[in-house]
1. Separation of segment 309-372 and segment 451-470 by C-alpha centroid, Å?
2. Which of His382, His137 has the fewest other C-beta atoms within 10 Å, and how do the rest follow up to the most?
3. Going by the alpha-carbon gyration tensor, a ≥ b ≥ c the square roots of its eigenvalues, is segment 28-83 rounded (a/c under 1.5) or, if a/c is not under 1.5, prolate (a/b greater than b/c) versus oblate?
4. Please list, by residue number, every one of the chymotrypsin sites (Phe, Trp or Tyr not before Pro) in segment 65-141 that is coil in DSSP and has at most 14 other beta-carbon atoms within 10 Å.
5. Label segment 71-175 by shape, choosing from rounded, prolate and oblate, from the square roots a ≥ b ≥ c of the eigenvalues of the Cα gyration tensor; if a/c is under 1.5 it is rounded, and otherwise prolate applies when a/b is larger than b/c, oblate when it is not.
6. Pairs Lys84/Lys264; Lys343/Lys410; Lys204/Lys246; Lys119/Lys311; Lys453/Lys482: which are spaced more than 21 Å apart, C-alpha to C-alpha?
7. For a test of the definition: using alpha carbon positions, the gyration tensor, and the 1.5 limit on a/c, classify the chain as rounded, prolate or oblate.
8. For Ser193, list long-range residues whose amide hydrogen, built 1.01 Å from N in the peptide plane, is under 5 Å from its own amide hydrogen.
Amino acid sequence: MADLLKEWEPVIGLEIHTELNTKSKLFSVAPNRFGDEPNTNITEVCTGQPGALPVLNKEVVRKAVQFGCAVGAEVAHFSKFDRKSYFYPDSPRNFQITQLDEPIVLGGKIITDVGNEEKEFAIDRAHIEDDAGMLKHFSKFAGVDYNRAGVPLIEIVSEACMHSPQEAGAYARAVRAILQYLDVSDCNMEEGSLRFDANISVRKRGETGLRPKIEIKNMNSFTFMEMALTAEIQRQIEEYLANPDKPFHEVIQQATYRWDPELKKTVLMRSKEDAEDYRYFPEPDLPPIILEANYIEGVRATLPELPRERKIRYKEEYELKEEQAFLLTADKNLADYFEAGMKECSNARSLCNWITVEFAGRFRESGKNVWESDIQAIHIAHLITMIEDKTITGKIAKKVADDMAANPGKDPREIVAENPDYQPVHDEGELVKYVEQVLSENPDAITDFKAGKDRAFKFLMGQVMKLSRGKASPQRVTELLKERLES
């Protein structure tokens, strides 16, 4: 694949659909709530009953304006709704209400880290539309749950400005972070609150035009999206290489695919529709949205601190490394958890490491995030304080962390106080005995050390720590070993 990409360039654009966390739906008073019994959160508007008229939820407009302001876009003073006609069981009206040619948000940009480099990606538009219902398949029949029908969405459409699955993943994660920070969506991908459609084509490096594209629909995982793009890029390149004399449009025909995680490949769903196939026309039952400048500026003035701003602050205020600051601020829940711990901790880098590496690793198998556990951030801060004031050693701290993961909610100070094995060795005489015993049992290591072999000292150090069951102060053991070896 890497060799192929030396000659071929992917061109990727993303459409991100995010359900908004309003109390009611886009055009009806039905509750906007996930997980209720099927077909209970519905009204005549949701199910497309004759004569039922939509009424716009103004909170949806505000959330769309918030997003537009957050990404530096132009928020339209005039926007309107359109009908997009299609026939499918999950759409009871046989049309979707969306915004075609005059959306509420135009332009904008996302700046985020891709690897070790900060990159900028252009947004084409973002528009308001309503969601469809949900088909549910059972062993002998299928049903439709209209609870989701009419849930408000913002569709965020990027320009075709990404050139690798990694860039697409970084862009999508950055958009999710902004939505979280604005609190306009819960961004729960398992519940379908955030979904991705990817448009992907490939071309020879140096070409300026675009070749036919494939759309991969309804992905709700960053990992699956990157895997799908990787597989589709390889498929398209192989098709072009196998048919060098055919016109581009005969080799790759515009179509809609889906990602099959079991087969690990993209699977054809249908040939791609054009805009004309949807028979768009202005929505006759809804007036246009007219926004005054002072309304837009009022929303802009109330924007919270956004992910990139928070990252810059973390680097300056807490002196975190670039990658640490980015990792923390890429998810609002994680950043909030970190800040809760900083109220009782003076070592930001250590706190970041314990949260994102040590405790994250302990919850990886369960699929939980550390902030979803009952471990309080302040308790992790207490653990770090005990290491720094030498109440416990780093080795003991890892055992205490295991106990904290097994008993969420318990303060590490209590855990240490209750377990004699976690009490560090402060008795100087006992430490000297450990050092003398190790030196007497390892004369070859002493010889190697005097011959200039650094590994010999590390070996002796490890033996003392092992003898003390990790309870000795590494700093004091180092000092005592050096004193004895030099004498």
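Nothing in this text is a laboratory measurement; each read-out follows from the coordinates by a stated rule. Every value quoted in this text rests on a predicted model; they were computed, and no experiment measured them. Neighbour counts are summed over all protein chains in view; Cβ atoms, including those assigned to glycine, are modelled from backbone coordinates with ideal geometry.
1. 33 Å
2. Least to most surrounded, the residues fall as His137, His382.
3. oblate
4. Listed in order of number, the matching sites are Tyr86, Phe87, Phe138, Phe141.
5. Cα axes put segment 71-175 in the oblate bin.
6. Exceeds cut-off: Lys84/Lys264.
7. Prolate is the answer for the chain, as a/c is 1.5 or above and a/b outweighs b/c.
8. Sorted by chain and number, the residues that satisfy this are Asn188.
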